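Colleague: Below you'll find the structure I mean.
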Amino acid sequence: VQLQASGGGLVQAGDSLRLSCAASGRAFSMYVMGWFRQAPGKEREFVARIAWEGGSTYYAESVKGRFTISRDNAKNTVYLQMNSLKLEDTAVYYCATRRMRSGSRSLYDYDYWGQGTQVTVSS
């Protein structure tokens, strides 16, 4: 499975941005897609996840109500719509996929990772 994340950039606080993660390869082996982020000097943290089947979602408290994860099964693509961006959302954002059906917030439970896309929020 190969994951290609895109859509990052430099925005101002309060702006919106949409990230995309396109999956290729053995896409049928994926059940859950997650977004994680890593700010400088900090550990990688969970942001949101979605199940390919059914589309159930789960969010970190820090982004709940501002971020929306969605998927397009036909395109094997997952999106992360980020609204009302804050300075603390600045990070490299990674998409990852998990082969198990159950969801997880732990990065250690994800099997394949994209290369990351930088999101920088300025004041």
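The values are calculated or read from the model by the stated rules, or taken from the named source; none is laboratory data. Since we're looking at a predicted model, the values are computed, not measured. All Cβ positions, even for glycine, are placed from backbone atoms using ideal geometry, and neighbour counts span all protein chains on display. Just the protein is used for accessible areas: all its heavy atoms, side chains included, with ligands, DNA and RNA removed. Shrake-Rupley method; radii C 1.70, N 1.55, O 1.52, S 1.80 Å.
Colleague: What is the percent carbon and sulfur in the accessible area of segment 58-123, measuring with a 1.4 Å probe over the protein chains and ignoring ligands?
Modeller: 47
Colleague: Under the 0.36 nm per residue contour assumption, what length would be gained going from the current alpha-carbon distance of S24 and L87 to full extension?
Modeller: Stretched fully, the S24-L87 segment lengthens by 19.5 nm.
Colleague: Counting other C-beta atoms within 10 Å, and keeping those with at most 13, which DSSP coil trypsin sites (Lys or Arg not before Pro) do you find in segment 1-79?
Modeller: Loop-located and lightly packed - R26, K42, K64.
Colleague: Moving on to the next point. Within the set of other residues whose C-beta is less than 9 Å from the C-beta of D111, count the net charge using Lys and Arg as +1 and Asp and Glu as -1.
Modeller: Local charge sum for D111: +1.
Colleague: In units of 2.2 N^0.38 Å, what is the alpha-carbon radius of gyration of segment 1-49?
Modeller: Rounded to two decimals, the normalised Rg is 1.37.
Colleague: Related question: Evaluate 2.2 N^0.38 Å with N set to the residue count of segment 55-123, then give the Cα radius of gyration divided by it.
Modeller: 1.18
Colleague: Right, here's the next one. Take every Cα-Cα distance within the chain, group them into 5 Å bins from 0 onward, and report for each bin the whole-number percent of pairs it holds.
Modeller: Going out from 0 Å in 5 Å bins, the chain shows 2, 12, 24, 26, 19, 10, 5, 1, 0 percent.
Colleague: Here is a follow-up. So, counting K/R as plus one and D/E as minus one, what does the shell of residues with Cβ under 13 Å around L85 add up to?
Modeller: Combined, the nearby Lys, Arg, Asp and Glu give +1.
Colleague: A further question on this structure: Quote the relative contact order of the chain in percent (integer), defining contacts as alpha-carbon pairs under 8 Å separated by 6+ residues.
Modeller: Normalised by residue count, the contact order of the chain is 36 percent.
Colleague: With the cut-off at 1.5 for a/c, could you classify segment 16-82 from its C-alpha gyration tensor as rounded, prolate or oblate?
Modeller: prolate
Colleague: Where only protein heavy atoms count, and the probe is 1.4 Å, what is the accessible area per residue for segment 69-123 in Å²?
Modeller: 52
Colleague: Still on this structure, please answer the following. Can you give me the distance in nm between label points at D15 and E43, each placed 7 Å from the Cα along the Cα-to-Cβ direction?
Modeller: It works out to 3.1 nm between the two label points.
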